[in-house]
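Please read the structure below before turning to the comments.
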Amino acid sequence: MSERVREVEESLAVPSAPAAVHAALADVRRMKERSPEVIWTWRRGNSFVGVNRRACWVWFTTCRIVIDDPGREFAFDVTTFGLPVARWGYRLTPAGEGTLVTEYWRDHRRRGWRGRTAEMLGLVFTGTPAGRRAARNRDGMRTTLLRLRAECREADAGPPGAVDTDTS
């Protein structure tokens, strides 16, 4: 039996400045446009609720933003039904004329009976056993990062039909 992976990272270069990438990530209402599981979010202050779907199952998570460092990092701790789940975040590193975005997931919050209950709920709602969660999250990260890159490219291109008047 293999040891369970409790941390996953994926990185991708995005052709936008770190501050612009951070602004996109911090707009959690748009998370549904990037994540393959998120279908709706609602933000209030430093917290937000995410509604997620996998196949026919729908569940909600409550998230608290714990790092909001413009141009450097954005991260939030996730709970469901008041039970601790994990931390999701994005580290931003300047890279040439763009940004290297590293999305990370740390399953460091599931401990004791509350952690075991969160594990059971995770299996019920996502259909993903703990031993496969890291691989499933890695796949979701790749999709999220590719969609973020496409979103940033569109934003940098300007509105449709815009004319570039920069003569420098």
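None of the figures in this text is laboratory data; all of them are computed from the coordinates on show. Keep in mind that what you see is a predicted model, and the values were worked out from it rather than measured. Because the Cβ atoms are built from the backbone with ideal geometry, glycine has one as well, and the counts that use them run over all protein chains shown.
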TODO: Mind listing the long-range amide H neighbours of F81? Cut-off is under 5 Å, sequence gap 5 or more, other chains count too, H placed in the peptide plane at 1.01 Å from N.
DONE: T62
Task: Calculated FRET value between V58 and R30, using beta carbons and R₀ = 22 Å, to 0.05 - done: 0.65
